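Accompanying notes for the structure given below.
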Amino acid sequence: MSDPARKPAREPKESEELDLIGKPFRRVDGRAKVTGTTKFADDLEFPRMAYIKLVRSPMPHARIGAIDLSVAEKVPGFLGALTGDDFEETFGILPVSQDEHALCRGVVRFVGDPVVAIAATTEDAAYEASLVVEVEYEPLETIASIEEAATRLRG
Amino acid sequence: MSFVVNGEERTVVAAVHHTLLEVLREELGLPGTKHGCELGECGACTVLVDEVPVLSCLLLAIDAQGKRIETVEGMQVGNTLHPLQAHFADLGAAQCGYCTPGILMTAKALIAENASPTTDDICQALAGNICRCTGYHKIIQAVDLAAAELRGEKPVAAREVLYGSPVPGEETQDE
């Protein structure tokens, strides 16, 4: 305790009044948050930035067949496309998400499951190209309610 | 197309199918107004069009031509924060801050219409603004304090507002 290096930067005040304890302080980023100057991911813009739109599954459960990008590729501004085949590795860091893939591989499991990612020079071009991607689906069975599941179980 | 944005006449070239939100953020360089749901459910994109809170994600920019538009960037005067902004910052009513611009605009319209809003009035006015951090208490208290300040009062935040309620069974040592 007598180590001089350990000495507090300043002797404690005699008075009860403390400088920090018991005093409200504005958050360091409080001002930026209320003036709209905080930068969120969506607010970032870079030179030659590309935009991505996802093509999502209209099916609740289906096997993915052929994916036809030939029309989408002709949309002005189209830069490229990715499918589940491009993402072999799972990306989950949480125990519940360790078997997740960025894009569906082989099977879709809910309406809205992402199947194809389209990159283009503008958001509008990416959206337009995403509309003309043709994906074949082979529907698989679904169980949509407790009743259905119970019936199935009884055979 | 032309608008009066935060008191300034602005003319931009933009696609006719783009919303006011997109034009504000991309063409006018005012990214303070946020993209939330883009479905009119969350209120993050609220701006004032002729002093009325409007969801800018549901309004085509071309329909706002010639109107007076106010965004969060237009709230502060010089370096001085609007009382709403100051109280939001002081109370920590802005947590992640994504919903804050929309809430500030809605609250501003409320106070312009009703200088002495009750807690119910504030809740009702902000019903269309969702805060994902769920920090509603501070938001409502901040609006209440700002309204009082705008009435010329000198509001002081209650101890509980700043530090939370005392722990049951634990005596507060001061006062």
Practice problem: Divide by every residue of chain A the summed helix terms, -39500 (n - 2.57) for each DSSP H run of at least 4, and state the resulting mean residue ellipticity at 222 nm, rounded to the nearest 500 deg cm²/dmol. | Solution: -4000 deg cm²/dmol
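Is there a simple number for the mean count of other chain Cβ atoms within 10 Å of the Cβ of residues in A:26-32, and what is it? Please list the in-between numbers first.
On the way: counts 5, 7, 0, 4, 11, 7, 3.
Average per residue, whole number: 5.
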Exercise. Determine the dipole magnitude for region B:1-74: charges of +1 sit on the beta-carbon of Lys and Arg, -1 on that of Asp and Glu, nothing else is charged, the reference point is the Cα centre, and the result goes in debye to the nearest 20.
Key: 20
Quiz item: What percent does the relative contact order of chain B come to when contacts are Cα pairs within less than 8 Å and at least six residues apart?
Solution: 21
Practice problem: Quote the charge dipole size of chain A about the Cα centre in Debye, to the nearest 20; the model charges only the Cβ of Lys and Arg (+1) and of Asp and Glu (-1). | Solution: 700
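Can you give the calculated 222 nm mean residue ellipticity of chain B, where each DSSP H run of n ≥ 4 adds -39,500 (n - 2.57) and the sum is split over every residue, rounded to the nearest 500 deg cm²/dmol?
Values: 5 runs with 50 residues, N = 175.
Theoretical 222 nm ellipticity from helices: -8500 deg cm²/dmol.
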Quiz item: With +1 on each Lys and Arg Cβ and -1 on each Asp and Glu Cβ, how big is the dipole of chain B about its Cα centre, in debye rounded to the nearest 20?
Solution: 340
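With a cut-off of at most 12 other beta carbons within 10 Å, and DSSP calling the residue loop, which GluC sites (Glu not before Pro) in region B:70-159 qualify? Please list them.
Values: sites: B:E70, B:E73, B:E113, B:E149, B:E153; in loops: B:E153.
Sparse-neighbourhood loop GluC sites (Glu not before Pro): B:E153.
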Practice problem: Please tell me the relative contact order of region A:60-155 in percent, rounded to the nearest whole number, where contacts are Cα pairs under 8 Å and at least six residues apart. | Solution: 42
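List the longest stretch of chain B that has no exposed loop site; here a site is one of the trypsin sites (Lys or Arg not before Pro) assigned by DSSP to anything other than H, G, I, E or B, with at most 13 other Cβ within 10 Å. Provide the component values of the computation, followed by the final result.
Details: sites that count: B:R132, B:R151.
Maximal segment without exposed cleavage sites: B:1-131.
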Quiz item: Between region B:101-175 and region A:37-63, what is the C-alpha centre distance in whole Å?
Solution: 35
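Here, each number is a calculation from the coordinates, and none is a lab measurement. Just so you know, these numbers come straight off a predicted model, no measurement behind them. Quick reminder, even Gly has a Cβ in these numbers, built from the backbone with ideal geometry, and neighbours come from all protein chains shown.
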